[in-house]
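Heads up: the structure comes next, in structure tokens.
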Amino acid sequence: MTQKKTPKDMKPLELGPTGFAVADAVRKYRQNNDYTYAQLEQRLTEIGHRIPVLGLRRIEAAARRVDMDDFIALAAALNVPPLSLVANVPADAPTPDYQMATGLPDDVGPREFQAWVRGETDMSLKGRVEYWKREIQRIERVLERDQQEIARLREELTQHPGDPDLLDRLHWAEGREVDGDKGYAEAQKLLEDLRERLKDEEYD
């Protein structure tokens, strides 16, 4: 049996991670709004920037580039902030070495990337060091709350041994603590690396 070939105009382009993120975001927010392609085309026509159904299909298939006019019009038609399209992290993005956006260092993860998009940090080494110092403090506060919650649940279990609801909540809290400890260790390692790179930069 001959395999059906993908039409030439639907073959993915060689987009960077930002292009793929926007394509994925358009698909996600269109589906969240329960829009068909025809309905999204109509919304775009109403606001003065028509993109035909084929163009929308190609955008979502990463087979058509999105220029700035398309970008703003799509955000308006989908009723989402423009930054939501850029800051989107595709669900199938490989980790941990996935580049969050075109031109960013490979060690920038989703949380730091989204903070950068919101203007809460920058990509200079000094800015990244300051960001991770704040992030580690945030993680420490979360871990402290988790430890307090675990202690409280264990105390309640001494009064209600075997209570299934308490056991479920305790297991969830303990799992969250394990993940938090792992994230804390990774954050400290990254901060140490960034500090070393900053020292080298200042020395040079």
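Residue under question is Leu85, and the condition is that it be in contact with a Phe, Trp or Tyr (Cβ under 9 Å, 6 or more places away or on another chain), of a type in the set (A, V, I, L, M) and at pLDDT 95 or above; does it hold? Against the criterion (in contact with a Phe, Trp or Tyr (Cβ under 9 Å, 6 or more places away or on another chain), of a type in the set (A, V, I, L, M) and at pLDDT 95 or above), Leu85 does not qualify. Look at the range 103-114: where a residue is surrounded by fewer than 17 Cβ atoms within 10 Å (Cβ to Cβ) and a partner is assigned to a helix (DSSP H, G or I), sitting 6+ places away or on another chain with Cβ atoms under 7 Å, you get Leu104/Phe113; Asp107/Leu190. Considering only residues of the range 147-204 that are farther than 29 Å from Ser124 by Cβ and outside any helix (DSSP H, G or I), which is nearest to the chain's Cα centre (by Cα)? If we take residues in the range 147-204 being farther than 29 Å from Ser124 by Cβ and outside any helix (DSSP H, G or I), then Asp163 is nearest to the chain's Cα centre (by Cα).
The values are calculated or read from the model by the stated rules, or taken from the named source; none is laboratory data. These numbers come from a predicted model, not from an experiment. Cβ atoms come from the backbone with ideal geometry, glycine included; neighbour counts cover every protein chain shown.
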